[in-house]
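Data first, discussion second: the structure below is written as structure tokens.
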Amino acid sequence: MILSILAVLAGGFMGGCGRYLLTRVLPSPTCTFAANLVGAAVAGVAYGYATHAHAPEYFLPLLAAGLAGGLSTWSTMAKELGEMIKAKRWWRLARYLFWTIGLGIVVAWRGAWVGSLLA
């Protein structure tokens, strides 16, 4: 249990650092979109690998909860969507929401497949 908690903390720190680096390279909301898709990919690969291999108990907490959770940012996406609503940018809001959720699901699904191949 303690090892899993430490794994989430370490993964969250790494994910947060990765998210910060993305903010230095990409503008918002492109940065948020990229962070959420990379987070979905990491979570998918970790899940696919863990379900087909004898991964240590800290593997999923480290990568799926920690790294992917620290990297992805639903709260920033909600803030950006709120700003789009205030500005009445309905088409941009619909596209952003559709592509983030739609591609996120596909990326996580394909990531799980890749993870199972790596196992």
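The values are calculated or read from the model by the stated rules, or taken from the named source; none is laboratory data. Keep in mind that this is a model prediction, so the values were computed, not measured. No Cβ is skipped: glycine too gets one built from the backbone with ideal geometry, and neighbour counts run over all protein chains shown. Calculation scope for accessible area: heavy atoms of the full protein, side chains included, ligands and nucleic acids excluded. Shrake-Rupley method; radii C 1.70, N 1.55, O 1.52, S 1.80 Å.
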- Task: Take region 79-100 and flag every residue that is open to solvent by 100 Å² or more (accessible area, probe 1.4 Å) and of a type in the set (Lys, Arg).
- Result: Lys79, Lys86, Lys88, Arg89, Arg95
- Item | Members of region 57-86 found to be within 20 Å of Leu37 (Cβ to Cβ) and small (Gly, Ala, Ser), listed by number | Ala64, Ala65, Gly66, Ala68, Gly69, Gly70, Ser72, Ser75, Ala78
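Which one is nearest to Leu93 (Cα to Cα), of the residues in region 36-52 that are among the hydrophobic types (A, V, I, L, M, F, W, C) and in contact (Cβ under 8 Å) with a residue 40 or more places away in the chain? Give the steps one after another, and end with the answer.
Residues of region 36-52 among the hydrophobic types (A, V, I, L, M, F, W, C): 37-38, 40-43, 45-46, 50.
Subsequent filtering for residues that are in contact (Cβ under 8 Å) with a residue 40 or more places away in the chain retains 37, 40-43, 45-46, 50.
Details: Leu37: 17, Ala40: 20, Ala41: 23, Val42: 25, Ala43: 25, Val45: 29, Ala46: 30, Ala50: 35 Å.
My answer is Leu37.
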- Task: Report whether or not Thr30 is closer than 24 Å to Leu117 by Cα, out of contact with any Lys or Arg (no Cβ under 9 Å at 6 or more places or on another chain), of a type in the set (S, T, N, Q) and open to solvent by 60 Å² or more (accessible area, probe 1.4 Å).
- Result: no
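Based on this model, can you work out whether Phe59 counts as hydrophobic (A, V, I, L, M, F, W, C) and either within 22 Å of Ala119 (Cα to Cα) or crowded, with 16+ Cβ neighbours inside 10 Å (or both)? Reasoning before the result, please.
Details: hydrophobic (A, V, I, L, M, F, W, C): yes; either within 22 Å of Ala119 (Cα to Cα) or crowded, with 16+ Cβ neighbours inside 10 Å (or both): yes.
For Phe59, the condition - hydrophobic (A, V, I, L, M, F, W, C) and either within 22 Å of Ala119 (Cα to Cα) or crowded, with 16+ Cβ neighbours inside 10 Å (or both) - is met.
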- Query: If you go through region 17-27, how many residues are surrounded by fewer than 16 Cβ atoms within 10 Å (Cβ to Cβ) and under 27 Å from Trp113 (Cα atoms)?
  - Reply: 1
- Message: Going residue by residue through region 57-79, is there one that turns out to be more than 24 Å from Leu97 (Cβ to Cβ), among the basic types (Lys, Arg) and part of a helix (DSSP H, G or I)?
- Response: no
- May I ask you to list the residues in region 62-76 that are modelled with pLDDT under 95, open to solvent by less than 40 Å² (accessible area, probe 1.4 Å) and more than 9 Å from the chain's Cα centre (by Cα)? Thr76
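Scan region 83-98 and tell me whether some residue there is in a loop (DSSP other than H, G, I, E, B) and not basic (Lys, Arg).
To start, the set of residues in region 83-98 that are in a loop (DSSP other than H, G, I, E, B) comprises 87-89.
Now restrict to residues that are not basic (Lys, Arg): 87.
Within region 83-98, one or more residues are in a loop (DSSP other than H, G, I, E, B) and not basic (Lys, Arg).
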- Message: Need the failing condition index for Thr23 against (1) farther than 22 Å from Leu97 by Cβ; (2) assigned to a helix (DSSP H, G or I), just the number.
- Response: (1)
- Quick one: what pairs do we get from region 53-82, first residue aromatic (Phe, Trp, Tyr), second open to solvent by 30 Å² or more (accessible area, probe 1.4 Å), C-beta under 6 Å, 6+ apart or different chains? Tyr58/Leu3
